[in-house]
Amino acid sequence: MKNKTERILNELIEKYPKLDYLEERLREIIEKTVKSIRSNGKILVCGNGGSASDSEHIVGELLKKFYIDRPIEDDFKNNLRKNCTKDEYEYMSSNMEGSIPAISLVSQTTFLTAYGNDVNFDMIYAQQVYAYGNENDILIALSTSGNSSNVYYAAKAAKSKGMIVISLTGEDGGKLKSTSDILLNVPLDETYQVQEYHLPLYHFICRALEYEIFGG
């Protein structure tokens, strides 16, 4: 990892010393995710309730500037110039940012309600993983208990697609423990407390990815 990313990781551990045992797992997440993104991979995210909100929060941080400027790619800018008038080019190029491709599986309201009603709510995320996922993509699965059935089946589908599964859970890890490549199991069991510790973890991941991909 870059020096700046190392400093961000150190800041996280200093502020949340209870999470020090996750340090090497966080390094592995950044290494694997950066490799995936640089190989045209993407990140899928899912969860329920508060974790559904966290899923959208994560994607929001990845698709746009989080902490530092993100220049758009030169090849894209050149193609944009060819396809736009001068004014259009200047407007679009000055209002677009570099992005880390990510999809929140909780946001497809029409699909979620149709599939949940017509087929099975347990499979709403697994079906999307099957549709969107490719080998070496990333699934970030959030479940405070680790036992949410629709998140667990999404992880199983992701493994079957050759994806990398990163799970954020409570201390026990639940069923997700057995099907995750990397488990971030925070040392708490109460739902709201687990969610409070998930926030700094995924903020670190988003910020670290931004520095690794766009930082100088």
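The values are calculated or read from the model by the stated rules, or taken from the named source; none is laboratory data. Model, not experiment: these values are computed from the prediction. FYI the Cβ positions are ideal-geometry reconstructions off the backbone, even for glycines, and counts take in every protein chain you see. Surface accessibility is based on the protein's heavy atoms, side chains included, excluding ligands, DNA and RNA. Shrake-Rupley method; radii C 1.70, N 1.55, O 1.52, S 1.80 Å.
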Margin query: If amide hydrogens are placed 1.01 Å from N in the peptide plane, which non-local residues have theirs closer than 5 Å to the one on GLY98?
Written below: ARG70, ILE72
Notebook entry, point to check: What length, rounded to one decimal in nm, is gained on full extension from ARG27 through to LYS64, with 0.36 nm per residue of separation minus their alpha-carbon distance?
Noted result: 11.1 nm
Notebook entry, point to check: What is the set of long-range amide H partners of SER180 at a cut-off below 5 Å, with H atoms built 1.01 Å from backbone N?
Noted result: none
Next item on the list: Sticking with the crude label model, points 7 Å out along Cα→Cβ, report the distance from SER53 to SER94 in nm, one decimal please.
Entry: 3.7 nm
Checklist line | the chain - percent of accessible surface contributed by carbon and sulfur, probe 1.4 Å | finding: 46 percent
Notebook entry, point to check: Just one of (i) 56, 48, 28; (ii) 52, 41, 28; (iii) 43, 37, 32 is Cα extents along the principal axes in Å calculated from these coordinates, so which is it?
Noted result: (i)
Next item on the list: Before rounding to the nearest 500, sum -39500 (n - 2.57) across all DSSP H runs of length at least 4 in the chain and divide by the residue total; then give [θ] at 222 nm in deg cm²/dmol.
Entry: -17000 deg cm²/dmol
Check: Quick one: which of LYS77/LYS159; LYS82/LYS159; LYS4/LYS156; LYS32/LYS77 span more than 30 angstrom between C-alpha atoms?
Finding: LYS77/LYS159; LYS82/LYS159; LYS4/LYS156
Next item on the list: Give the residues of segment 169-204 whose amide nitrogen is closer than 18 Å to a point set 7 Å from the Cα of ASN147 in the direction of its Cβ.
Entry: 169-180, 185-195
Next item on the list: Please give, to one decimal in nm, the separation of the simple spin-label points placed at LEU199 and GLU11, each 7 Å out from Cα toward the Cβ.
Entry: 1.6 nm
Notebook entry, point to check: On average, how much accessible surface per residue is there in the chain, in Å², for a 1.4 Å probe, leaving out ligands, DNA and RNA?
Noted result: 51 Å²
